[in-house]
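The values are calculated or read from the model by the stated rules, or taken from the named source; none is laboratory data. Only a predicted model underlies this, so the values are computations on that prediction, with no experimental measurement involved. As a convention, Cβ positions derive from the backbone with ideal geometry for all residues, glycine included, and neighbour counts pool all protein chains shown. For the accessible areas, the whole protein counts, side chains as well, though only heavy atoms, and no ligand, DNA or RNA atoms are used. Shrake-Rupley method; radii C 1.70, N 1.55, O 1.52, S 1.80 Å.
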Amino acid sequence: MSAGQLASSLRLLADALDRSRLPLDLPGRTVAATLRHDLTAQLNDYLLPRLERLDAPLLAVVGGSTGAGKSTLVNSMIGRTVSRPGVIRPTTRSPVLVHHPDDAHWFGPDRILPGLARSLDAADDTRTLQLVAEASLPQGLAILDAPDIDSVVAENRALAAQLLAAADLWLFVTTAARYADAVPWDYLSAAAERSAAVAVVLQRVPPAAMTEVPAHLGQLMADRGLGDSPLFAVPETVTDAEGLLPDVAVAPIREWLASLAADSQVRASVVLQTLDGAIAAQCRTAPTVAQAVDSQAAAVTQLRADAEGSYREAMRTIGVQTADGSLLRGEVLARWQDFVGTGEFFRAVEQKIGWLRDRLVASLRGEPKQVNDVKLAVESGMEVLIREEGEAAAERTEAAWANDPAGRQLLAASTAELGRASDDFPAQVALAIRNWQADVLELVSGEGSSKKSRARFLALGTNGVGIALMMVVFSTTGGITGAEVGVAGGTAVLAQRVLEAVFGEDAVRRLAKRAKQDLDARVEALLAGELARYEIALDQAGVRAETAEAIRAAVAAVNEARRGDDRLTPPSAAELEAFKGAVRQLSSGPARPAAEEIVEAELVGDEDGDRG
């Protein structure tokens, strides 16, 4: 498989990682967000530009702790001051990249580290890369002086990590007094895990400790997977008037770097070692981001289910109470009684059903005020029911979300008052009920226009028949108790009998069913509008569930490309499973080329010491 196919797969991974979002403050989110940022940065800053031009100069990034002497080392290897040492700390300044003049085109803004602006002058800006052309530096080699990895300035620490992730070779600088510090070893361990090419420079070693201290550091490196990495020991000495170390103290390091640059095969081997390890690390760790996206999506799904469940319960309650006789009580029942006759009239319902039907038919003629009173009573009763259930649904949803960390975050971030119904909900409810009543009147009017029922319909009037149909819709008696049961039951029976006399039994059932369906649809629309407020809050969170699978698919594509590229270490069985969501740590990385164990650079020559 070609480098182009590998690069294409890595671009898919970069795009999937870039599109993923982890906005919800869930357990593990901070770690995953940092990992996502680091993976994306390395893809864009190093892997993709480097794969595009494998013949570009070897980039050695000099990194280390505060006060380790990184800039002094770089200046001393060059032979003049190219990077200003930070005398007063914390110091914020641009990183310095030193290159041969003929290699300048390799370090344009569209090459390595494209997110950093380019400048030929020193600047106090962590987003600018200062380029310094130096003819004494071998062509094919560039040295980048990075900020302190343990700087108290967060921008410096972040930039140091970004630059080290973009290195073909890490030249890690520490001192005899601080080589066991935790922060440097965090970086070195990370380098070992992803098989990066690393060399360590141990500075300010007391002459009496030139045997003991480097040997101890070498053992620590071996214990942490860096046994094959070169270790240079620079004795404690004084600098000259320009702040440079004696040439003999840094010559072995400079010569070793020059030897890497001079041999194209060796240089390519170092680049491929770091590329191979970095790509493998991407494939091992990117599924962790996918899992974090899954967790975010699961949280959103649960919150959505909580909201939908609350409003589904409101819809169920309203649907039941507008069909079980619950509305045939109180004011509605009283106004209906006023409309069709006296209370004594209703108490005679069981004994005088035929007479009552005749009386009802007579009563349904005209009397606009009484018809309107019933309509208003129905409207008021339904309004109370729907508004109460809308408020209850909002309260249930808020309570459920408040018990969830992600829900609490969304409640706090929302500009809407999600613990109660929206401000315009009452007006929308009133309008929906009035429109339903108008549709009921239109429904019975259309049915009454047939020749068969026209005469009886005209005798009763549209309003009277419409009110009777509403009573039938609210027909069952399951929701009321006591004396109201018989009265409300009789109300429903009488209304149905009158309608059957006008339209026929089948038509009444059809009309009642259609009116109820229309009512349910209007209520559902009302509650859907209220539920939409929670959907908006969830959508505004910005979780993109589909990016989890996109990340896994991209990892699978990269692993497939690694299998087909004989320059790279093929993925293990564990890595091939990683894209499915089971992230595993590999026990070992790719094989490394042998290198010097310890190279001592001293003021007084060491006849037995090796010079790399």
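Brief remarks on what is shown
- Residues whose placed amide H lies under 5 Å from that of VAL62, excluding near-sequence neighbours: LEU144, ASP145, ALA146, LEU171
- Annotation: average projected area of the range 1-88 is 9.4 square nanometres, based on the convex hull of Cα atoms across all directions.
- Surface per residue (accessible, 1.4 Å probe) for the range 56-194, Å²: 35 Å²
- The range 167-305, accessible surface, carbon-and-sulfur percent (1.4 angstrom probe): 53 percent
- In order along the range 31-37, the phi-based Karplus estimate (6.51 cos²θ - 1.76 cosθ + 1.60, θ = phi - 60°) of 3J(HN,Hα) comes to 4, 5, 5, 5, 4, 4, 4 Hz; Gly and Pro are listed as x.
- A protection proxy built from the mean count of other Cβ atoms within 10 Å ranks the segments 145-151, 173-179, 532-538, most packed first, as 145-151, 173-179, 532-538.
- Highest average packing first - 62-69, 203-210, Cβ atoms within 10 Å: 62-69, 203-210
- Förster-model FRET efficiency, 60 Å R0, ALA334 and GLU546, C-beta, rounded to 0.05: 0.55
- Estimated distance in nm for a label pair at SER414 and ALA392, the labels positioned 7 Å out from Cα along Cα-to-Cβ: 1.9 nm
- Burial ranking of peptide ranges 154-160, 95-101 (average Cβ count within 10 Å, highest at the top): 95-101, 154-160
- Rounded Å value of the spacing that divides the Cα centres of the range 261-328 and the range 404-437: 27 Å
- Share of carbon and sulfur in the accessible heavy-atom surface of the range 69-163 [1.4 Å probe, %]: 55 percent
- Distances between every pair of Cα atoms in the range 179-332, grouped in 5 Å steps from 0 to the bin holding the largest one, split as 2, 7, 10, 11, 11, 10, 7, 5, 4, 4, 4, 3, 3, 3, 3, 3, 3, 2, 2, 2, 1 percent.
- LEU220/ALA104 FRET efficiency (R0 45 Å; Cβ-Cβ; nearest 0.05): 0.70
- The range 250-302, accessible area per residue, ligands and nucleic acids excluded (1.4 Å, Å²): 31 Å²
- HN-Hα J in Hz across the range 538-544 - Karplus 6.51, -1.76, 1.60, θ = phi - 60°, x for Gly and Pro: 5, 5, 5, 4, x, 5, 10
- Shape category assigned to the range 25-146 from the gyration tensor of Cα positions, a/c cut at 1.5: oblate
- The HN-Hα couplings worked out from phi for the range 210-221 by the Karplus form 6.51 cos²θ - 1.76 cosθ + 1.60 (θ = phi - 60°) are 5, 9, 6, 5, x, 5, 5, 5, x, 5, 4, 5 Hz, whole numbers, x standing for Gly and Pro.
- For VAL201, the residues whose modelled amide H falls within less than 5 Å of its own, excluding neighbours fewer than 5 places apart on the same chain, are PHE172, VAL173, THR174, PHE232.
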